[in-house]
Amino acid sequence: MTIVEKIIAAHSDRAEVRPGEFVTAKVDLVMANDLTAGIAVDQFGKIGVEGVFDPKKVVFVMDHFVPNKDIATAEQVKRLREFAQAQGLIYLENVGIEHVVLPEMGLVLPGDLVVGADSHTCTYGALGAFATGMGSTDIAFAMATGEVWLKVPPTIEFLYCGKASKWVTGKDLILYTIGQIGVDGALYSAMEFTGDAVDALTMDERFTMANMAVEAGAKAGVFRVDDRTLDYVRARAERAFTAYESDPDAEYAQTIEIDASSLEPQISLPHSPDNVKPVSEVAGLRIDQAVIGSCTNGRLDDLRLCAEVLRGRRVHPRVRCIVIPGSQRVFLQAVREGLIEVFLEAGAVVSTPTCGPCVGGHMGIIASGERCISTTNRNFVGRMGSPEAEIFLSNPAVAAASAVTGEICHPEEVAKP
Amino acid sequence: MIRGRVHKYGSNIDTDAIIPARYANLRDPVELGRHCMENIDPSFAQKVRRGDIIVATSNFGCGSSREIAPLSIKGAGISCVIAKSFARIFFRNAINIGLPVLECAEAVDNTETGDELEVDLSSGEITNLSKGMVFKAAPYPDFIKGLISAGGLIEYARQILKSGGER
């Protein structure tokens with residue numbers, strides 16, 4: 001069996017599961033956010049149980065429109081805060097972005113089965129967990145019963161070999177992959193990321209890759225647990241966990257090999273994450289805004305990379321450069337390392353953690369005719385504001401370098417090694 | 001039996017196209033429906049007559065997990081969505097909120113905007129009345145049929161919790 005099959009089997013009292021089977025699985029954690037918990041709470045009310053199955057396994061994270069951007073949000077968040085308090089749930093407001101915070105706090109561990117009312121819940125696959133996004137009604141069901149129904153997905157293996165060059169990150173590997181297979185290239189499947197090139201990735205880069213599995217239509221994106229994962233989780237875990245690895249004879253629907261050493265930084269062009277080109281083919285396009293942050297690229301490694309490019313340089317006068325640490329912890333560490341000073345001295349603005357501009361919520365909405373380079377995950381029409389704006393997705397170094405020159409460029413143009 | 005005019009779209013219609021997140025604080029389906037498809041087809045809400053049908057190619061509903069996506073489609077007056085394939089979260093959400101979603105590549109290939117379709121949800125038969133053609137949608141898996149006949153996921157939860165978790 002593959003990692004995903006093993007985790008699903010272990011959570012559905014079966015010795016073995018096969019792709020295509022329907023199972024009912026126990027969940028280790030159920031998550032919802034300020035955009036999705038409202039309907040989940042309504043639906044939970046209709047089920048007619050008094051309490052959630054286990055308040056220590058249900059977490060509400062207020063992150064999309066917080067700090068509350070308007071009265072409607074404030075009212076919504078107030079209602080969710082009250083529900084969470086009454087139920088004794090884990091409630092996180094102004095702590096950071098869900099997919100940055102949950103791993104950081106050790107709430108998700110290897111071998112877990114996690115469901116969240118957010119499509120990027122697949123991020124936790126970086127820890128060797130099975131984590132998938134669902135809608136609010138499925139989440140209400142899980143809140144009440146501690147279970148979800150699942151169709152066991154086939155697993156596609158993505159085997160990355162070779163050493164990626166400087167400025168080529170996990171973001172570039174996943175953008176390239178999505179460009180190769182398309183936004184429905186892994187529809188209903190799990191993506192398992194393997195090979196020397198992913199073994200060499202930092203945890204933060206693995207989170208970035210797993211995060212964007214859903215952009216290929218996947219149900220999950222997973223990594224095996226290695227020493228790097230164990231170092232990360234041991235510093236945080238307050239309960240036992242299980243590290244699963246795919247069997248040598250595990251059946252993959254397909255294995256796709258990718259040579260990481262041949263890649264440049266990648267850019268996803270409007271208006272679909274699979275419209276991917278190497279940066280050299282897009283260089284020179286003028287930009288109005290650069291956003292560095294989000295559940296995809298708002299972690300410490302991302303900010304360090306951004307600072308490496310911005311240190312001692314100035315953001316182009318035409319460009320608004322917005323840096324958003326993914327969590328309060330990331331923010332604090334960035335302060336301690338002097339990264340925030342680098343951003344401010346470069347002329348960037350630094351926001352409190354929020355999903356904000358990525359989802360067109362606040363903190364950096366773009367106008368018609370504007371072009372934004374962003375380290376986020378989606379460049380759909382109207383995603384970050386006006387439907388007449390354009391969004392280009394990139395890694396943090398490319399976004400920072402483009403902010404300096406005012407046009408999309410390779411980081412080496414700015415930060416000569 | 002469903003009968004309605006077709007509004008046809010291409011592939012990878014994402015949830016930001018269906019309902020932008022700026023409306024995420026709305027909960028009323030009718031109000032959400034007024035903004036359905038706004039980012040890619042601003043006149044959609046005005047064009048739709050109650051009972052109309054969306055036909056799209058592949059990966060309909062990709063992107064976010066927002067349940068307001070199928071809710072806004074239903075709120076706009078759409079009776080059913082037919083596509084070659086659906087994004088998985090959207091598919092679950094649609095079933096959960098009672099928006100019929102059918103997979104049928106032949107129907108998609110042989111249907112244009114403005115065609116009149118008749119859909120028999122119990123048999124999965126799709127008739128293009130404008131072209132005089134009949135298609136058969138892929139049946140739901142038994143598990144999902146069971147959920148639907150239980151009255152939906154919430155009713156299913158009530159039943160299993162009442163029976164002490166026995167299925």
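The values are calculated or read from the model by the stated rules, or taken from the named source; none is laboratory data. Keep in mind that what you see is a predicted model, and the values were worked out from it rather than measured. Here the Cβ is made from the backbone with ideal geometry for all residues, glycine too, and neighbour counts use every protein chain on show. Just the protein is used for accessible areas: all its heavy atoms, side chains included, with ligands, DNA and RNA removed. Shrake-Rupley method; radii C 1.70, N 1.55, O 1.52, S 1.80 Å.
For region A:65-76, the set of residues classified as surrounded by fewer than 23 Cβ atoms within 10 Å (Cβ to Cβ) and under 17 Å from A:MET31 (Cβ atoms) consists of A:GLN76 only. Screening A:LEU35, A:LEU127, A:LEU107 for residues that are assigned by TED's automatic domain parsing to the domain that holds A:ARG206 and closer than 24 Å to B:ASN25 by Cα leaves exactly one candidate, A:LEU35. Any idea how many residues of region B:24-35 are crowded, with 18+ Cβ neighbours inside 10 Å and facing chain A (nearest Cβ under 10 Å)? Total satisfying the criteria: 3.
Restricting attention to region A:34-64, the residues being more than 9 Å from every other protein chain (Cβ to nearest Cβ), in a helix (DSSP H, G or I) and open to solvent by 30 Å² or more (accessible area, probe 1.4 Å) number 4.
Residue-by-condition table, conditions (1) assigned to a loop (DSSP other than H, G, I, E, B); (2) closer than 25 Å to A:PRO396 by Cβ:
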| position | (1), (2) |
| --- | --- |
| A:SER165 | yes, yes |
| A:ILE174 | no, yes |
| A:THR177 | no, yes |
| A:TYR188 | yes, no |
| A:LEU201 | yes, yes |
| A:ASP204 | no, yes |
| A:ARG228 | no, yes |
| A:ASP231 | no, yes |
| A:ALA240 | yes, no |
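Of all the numbered requirements in (1) under 11 Å from the mean Cα position of the chain (by Cα); (2) away from chain A (no Cβ under 12 Å), B:GLY61 misses one, and that requirement is (2).
Restricting attention to region B:144-154, the residues being within 9 Å of chain A (Cβ to nearest Cβ) and either more than 26 Å from the chain's Cα centre (by Cα) or open to solvent by 20 Å² or more (accessible area, probe 1.4 Å) (or both) number 1. Those strands (runs of 3 or more DSSP E) of region A:78-137 in which at least 1 residues are aliphatic (A, V, I, L, M) and open to solvent by less than 10 Å² (accessible area, probe 1.4 Å), considering only elements entirely within it, cover A:113-116, A:130-133.
Among the conditions (1) open to solvent by less than 30 Å² (accessible area, probe 1.4 Å); (2) within 11 Å of another protein chain (Cβ to nearest Cβ); (3) among the β-branched types (Val, Ile, Thr), A:THR24 misses just one, which is (1).
Residue by residue, here is whether (1) open to solvent by 10 Å² or more (accessible area, probe 1.4 Å); (2) among the small types (Gly, Ala, Ser); (3) in contact (Cβ under 8 Å) with a residue 12 or more places away in the chain holds:
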position	(1), (2), (3)
B:GLN46	yes, no, no
B:GLY51	yes, yes, yes
B:ILE54	no, no, yes
B:THR57	yes, no, yes
B:SER64	yes, yes, yes
B:PRO70	no, no, yes
B:GLY75	yes, yes, yes
B:SER85	yes, yes, yes
B:ASN93	no, no, yes
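Within region A:242-266, the set of residues being assigned to a loop (DSSP other than H, G, I, E, B), over 23 Å from A:ALA10 (Cα atoms) and either among the aliphatic types (A, V, I, L, M) or under 19 Å from the mean Cα position of the chain (by Cα) (or both) comprises A:LEU263, A:PRO265. Filtering region A:193-211 for residues that are open to solvent by less than 10 Å² (accessible area, probe 1.4 Å) and facing another protein chain (nearest Cβ under 10 Å) leaves an empty set. Residues in region A:358-417 that are closer than 24 Å to A:TRP167 by Cα and of a type in the set (Val, Ile, Thr): A:ILE373, A:THR375, A:THR376, A:ILE391, A:VAL398, A:VAL404, A:THR405, A:ILE408, A:VAL414. Restricting attention to region A:349-387, the residues being under 19 Å from A:VAL315 (Cβ atoms) and surrounded by 24 or more Cβ atoms within 10 Å (Cβ to Cβ) number 10.
The set of residues from region A:258-293 being on the phi > 0 side of the Ramachandran plot and open to solvent by 10 Å² or more (accessible area, probe 1.4 Å) comprises just one member, A:GLY284.
Would you confirm whether or not region A:278-293 contains a residue that is charged (D, E, K, R), closer than 25 Å to A:VAL222 by Cα and touching a residue at least 12 places away in the same chain (Cβ under 8 Å)? Checked region A:278-293: no residue is charged (D, E, K, R), closer than 25 Å to A:VAL222 by Cα and touching a residue at least 12 places away in the same chain (Cβ under 8 Å).
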